[in-house]
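S.K.: My questions will all concern the structure given below.
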Amino acid sequence: TPSAPPRAKKHNYVVVKDFAGSIMGRLADVFKKAIKEAFPSISVPLVLTEASNAKFGDYQCNSAMGISAALKAQGTAKRPAEVAAEIVAKLPACPLISKTEIPPAGFINVYLNEEFIAKQCGEISRHGVKLPTIESRRVIVDFSSPNIAKEMHVGHLRSTIIGDAISRLFEAVGFDVLRLNHIGDWGTQFGMLIAHLFDRFPNFQKETPAIGDLQSFYKESKKRFDEDADFKKRAYECVVKLQNFEPEFIKAWTDICNVSRTSNNEVYDKLDIVLNERGESYYQTRMGAIVEELTTRSFLREEEGRHLMFPTGCDIPLTVVKSDGGFTYDTSDLAALKNRLFEENADWLIYVVDAGQSLHFDTIFAAGRDLGWYDETQKRVEHVGFGLVLGEDKKKFKTRSGETVRLKDLLDEGVRRSEEKLKEKNRDKEMTPEELVAARDAVAYGGIKYADLSHTRTQDYIFSYDRMLDDKGNTAVYLLYAYARIRSIVRQSGVSESDMTAFATNNEHLPLSHPKELKLAKQVLKFSDVILQLVDTLMLHTLCDYLYTLSSTFTEFYSECYVVEKSKEGTTTVNMNRLVLCDVTANTMEKALRVLGIRPVPKM
Ligand code: ARG
């Protein structure tokens with residue numbers, strides 16, 4: 001059995017310049033210092049987590065066990081609880097911590113200082129939600145990348161949704177992001193498509209051919225290709241001419257690609273996806289240069305007329321040149337890799353492609369390292385894989401008749417059902433037609449995106465309209481309602497934006513005392529840490545989990561804490577601190593939803 005090629009080491013690439021609101025970052029800093037001072041001879045990684053239960057404080061440092069074991073190996077016996085006490089004794093003064101506790105097992109429970117919480121919340125209300133400053137990177141995110149002449153399928157939808165969210169995340173932390181749509185627009189199938197176009201639309205030079213449905217056009221030409229030897233010969237000649245960029249052939253090719261392009265763009269527009277198309281064709285001349293480089297540097301081996309490259313540790317070679325002289329998917333990815341590293345000068349490359357292609361990418365990256373194109377301690381090059389989309393029958397997602405589901409149909413069905421649901425709840429009676437459309441689309445597209453993003457990326461997930469449009473549980477609809485509700489609380493209080501700002505300016509520390517106020521504030525403040533972690537792991541479901549917890553924490557707060565109080569005499573009192581906390585919560589939710597590519601609507 002072939003062994004998997006060596007995985008690239010994942011270099012931690014996230015260098016934080018200013019932790020700003022990051023609590024974990026700042027706590028890690030003081031604990032590292034304390035450990036270094038208390039145990040200079042020991043180096044074990046710091047273990048810092050959120051407390052699993054409020055009984056154990058807010059955060060926990062669990063390094064004492066590891067240090068105790070390391071000491072034992074050096075011949076010193078010290079119980080974890082003693083180690084913990086020595087760490088705490090060396091903790092530098094830190095405005096975040098109000099107290100620490102050491103239970104017998106040797107954990108260090110950390111309680112946050114309420115004054116710090118109040119100050120951070122005040123800061124957010126005055127200056128907005130700020131993220132930590134991370135050393136900027138030039139990142140290329142290769143995503144969506146469907147194949148021309150084949151319908152974009154749900155796998156490409158996953159890539160589109162995940163790749164867009166990753167790009168949004170990077171943009172939010174200030175990275176320089178290039179979003180690339182590496183479409184499959186080159187290759188031998190274009191020969192038969194062009195030959196067929198010449199026959200069907202002899203006038204195509206003057207008039208844009210009405211190709212109509214590209215799928216059937218593809219099937220027609222494939223049939224001829226398989227049955228008619230003469231046609232087949234012409235198809236091959238067309239490929240050669242296309243790849244030599246002969247104008248007539250480029251024109252025909254462009255017409256064909258435009259059919260796909262138009263229908264793909266419809267999907268992107270609906271989903272607010274921005275992409276730069278740079279398909280395989282872009283690399284044609286660069287592929288020639290790659291073959292030259294590999295030949296001169298003796299990296300190619302000839303086998304039965306094919307030119308192969310065997311990267312270190314890989315059992316399956318890359319086919320760089322086919323026996324007919326043509327290039328392959330491998331060749332285009334080698335050329336793309338080099339282009340992105342050297343011409344685009346990117347230092348972080350991401351390929352959002354289904355997990356089924358991991359062998360391909362591992363082999364391409366191994367080749368890049370063999371060729372000395374990049375040093376993995378300096379640059380991060382990675383395949384961000386994802387699982388399959390399954391139907392409710394747990395089989396590959398298909399239409400009832402077993403065909404690929406057209407993405408446009410899938411989105412339209414989501415919109416139809418979302419409208420139906422809103423009407424069931426009589427929302428149409430309370431919103432203007434424009435507001436209804438905005439809510440309907442936010443729910444439908446947000447629901448589809450969120451269903452994907454809230455599942456662990458690397459696993460398969462089951463596509464279910466009922467589940468994604470459910471307003472209970474961890475769904476986009478639930479979050480969108482929660483968000484709209486908070487906005488409406490603020491709206492209906494009658495307090496203006498400027499009054500809130502004035503309050504926040506007069507109160508450097510947002511006054512918070514009720515346990516549920518504090519609980520909500522702490523959850524709000526975790527946002528920076530979630531983002532920081534996400535930039536490294538690219539596991540977007542953690543942001544979804546965060547949002548869900550934030551919404552439920554808000555609900556807890558709101559059911560116990562009056563924001564606006566009405567007396568029997570009819571006077572109303574607005575608790576300004578709580579109103580500002582609502583606003584801060586809504587702003588944080590909005591920022592998180594935007595990272596996920598979900599449109600928050602103020603009214604639902
Ligand atoms: N077009 C390919 C497919 O549909 C995906 C391309 C992904 N990107 C890349 N650089 N190989 O399978």
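S.K.: Compute the label zone of K55 within segment 548-575: residues whose backbone N is under 11 Å from the point 7 Å along Cα-to-Cβ.
M.R.: Hits in segment 548-575 for K55 at 11 Å: none.
S.K.: Here is a follow-up. How far, in nm, would the chain grow between E303 and M539 when pulled straight, counting 0.36 nm per residue and subtracting the alpha carbon separation?
M.R.: 80.8 nm
S.K.: Let me ask another. Rounded if a/c is under 1.5, else prolate if a/b is larger than b/c, else oblate: which is segment 383-472, with a ≥ b ≥ c the root eigenvalues of its Cα gyration tensor?
M.R.: The shape class here is prolate.
S.K.: What nm value, rounded to one decimal, do you get for the distance between N62 and D228 when each label is placed 7 Å out toward the C-beta?
M.R.: 6.9
S.K.: What angle, in degrees between 0 and 90 and rounded to the nearest 10, separates the Cα long axis of helix 329-338 from the longest principal axis of the Cα atoms of the chain?
M.R.: With both axes taken from Cα atoms, the answer is about 50 degrees.
S.K.: Continuing with this model, one more query. Please give the charge dipole size of the chain, origin at the Cα centre, charges +1 on K and R Cβ atoms and -1 on D and E Cβ atoms. Round to the nearest 20 debye.
M.R.: Computed charge dipole of the chain: roughly 1160 debye.
S.K.: To continue, here is another question. To the nearest 20 Debye, how big is the dipole of segment 471-550 about its Cα centre, given +1 on the beta carbon of each Lys and Arg and -1 on that of each Asp and Glu?
M.R.: I would put it at about 300 debye.
S.K.: Return the whole-Å distance between the Cα centroid of segment 350-401 and the Cα centroid of segment 442-459.
M.R.: With segment 350-401 and segment 442-459 each reduced to a Cα centre, they are spaced 19 Å.
S.K.: Taking a point 7 angstrom from the Cα of N203 along the C-beta vector, which residues in segment 255-276 have backbone N less than 17 Å away?
M.R.: Those under the cut-off are none; the list is empty.
S.K.: Quickly estimate the mean residue ellipticity at 222 nm for the chain, helices only: each DSSP H run with n ≥ 4 gives -39500 (n - 2.57), and the total goes over all residues, rounded to 500.
M.R.: -16500 deg cm²/dmol
S.K.: Here is a follow-up. Report the relative contact order of segment 23-118, percent, no decimals, based on alpha-carbon pairs under 8 angstrom and at least 6 residues apart.
M.R.: Answer for segment 23-118 is 29 percent.
S.K.: Using modelled amide H (1.01 Å from N, peptide plane; none on Pro or chain starts), what sits under 5 Å from the amide H of E277, excluding residues fewer than 5 places away?
M.R.: Sorted by chain and number, the residues that satisfy this are N181.
S.K.: Between the helical axis of 541-560 and the dominant principal axis of the chain, each derived from Cα atoms, what acute angle in degrees is found, rounded to the nearest 10?
M.R.: 30
S.K.: Taking the number of other C-beta atoms within 10 Å as the exposure measure, put T456, T100, T571 in order starting with the fewest.
M.R.: The fewest-first ordering by Cβ neighbours comes to T571, T456, T100.
S.K.: Still on this model: Given H placed 1.01 Å from N in the peptide plane, which residues other than close sequence neighbours of V381 have an amide H under 5 Å from its amide H?
M.R.: For V381, whose amide H was placed from the backbone, the distant partners under 5 Å are L349.
S.K.: Right, something else. Give, in nm to one decimal, the length gained when the segment between K423 and D269 is fully stretched (0.36 nm per residue of separation minus the Cα-Cα distance).
M.R.: Computed gain between K423 and D269 is 52.9 nm.
S.K.: Which ³J(HN,Hα) values in Hz, rounded to whole numbers, follow from the phi angles of segment 411-420 under the Karplus curve 6.51 cos²θ - 1.76 cosθ + 1.60, where θ = phi - 60° and Gly and Pro get x?
M.R.: Per-residue couplings from phi come out as 5, 4, 5, x, 5, 4, 5, 5, 5, 4 Hz.
S.K.: Let me ask something else. If packing is taken as the average count of other Cβ atoms within 10 Å, what order do 188-200, 221-233 fall into, highest mean first?
M.R.: So the peptides 188-200, 221-233, ranked by packing, come out 188-200, 221-233.
S.K.: What FRET efficiency do you get for H514 and R138 if R0 is 35 Å and r is their Cβ-Cβ distance, rounded to the nearest 0.05?
M.R.: 0.15
S.K.: Sticking with this structure for a sec: Of A346, Y13, F204, which is farthest on the positive side of the dipole of the chain, counting Cα position, with +1 on Lys and Arg Cβ, -1 on Asp and Glu Cβ, and the Cα centre as origin?
M.R.: Towards the positive end, the residue furthest out is Y13.
S.K.: Something else now. Roughly how many whole Å is it from the C-alpha centroid of segment 23-82 to that of segment 226-301?
M.R.: Comparing the Cα centres of segment 23-82 and segment 226-301, I get a distance of 56 Å.
S.K.: Does anyone have the angle between helix 433-453 and the longest principal axis of the chain? Alpha-carbon axes, 0 to 90°, nearest 10?
M.R.: The two axes meet at around 80 degrees.
S.K.: Using R₀ = 35 Å, calculate the FRET efficiency as 1/(1 + (r/R₀)^6) where r is the Cβ-Cβ separation of E248 and S323; round to 0.05.
M.R.: E(calc), rounded to 0.05, equals 0.80.
S.K.: Continuing with this model, one more query. Return the FRET efficiency for the residue pair V574, E435: r is the Cβ-Cβ distance, R0 is 22 Å, and the value is rounded to the nearest 0.05.
M.R.: Calculated transfer efficiency: 0.30.
S.K.: From the phi of every residue in segment 507-515, what ³J(HN,Hα) in whole Hz does the Karplus formula 6.51 cos²θ - 1.76 cosθ + 1.60 yield, where θ is phi - 60° and glycine or proline is x?
M.R.: The phi angles translate into 10, 4, 9, 5, x, 9, 9, 4, x Hz.
S.K.: To continue, here is another question. I'd like the antiparallel share, as a percent to the nearest 5, of DSSP beta bridges with both residues in the chain.
M.R.: Within the chain, antiparallel bridges account for around 55 percent of the total.
Values in this text are rule-based calculations from the coordinates and carry no lab data. Bear in mind the structure is a predicted one, so any value in this text is a computation, not a measurement. Here Cβ is always computed from backbone atoms with ideal geometry, including for glycine, and neighbour counts include all displayed protein chains.
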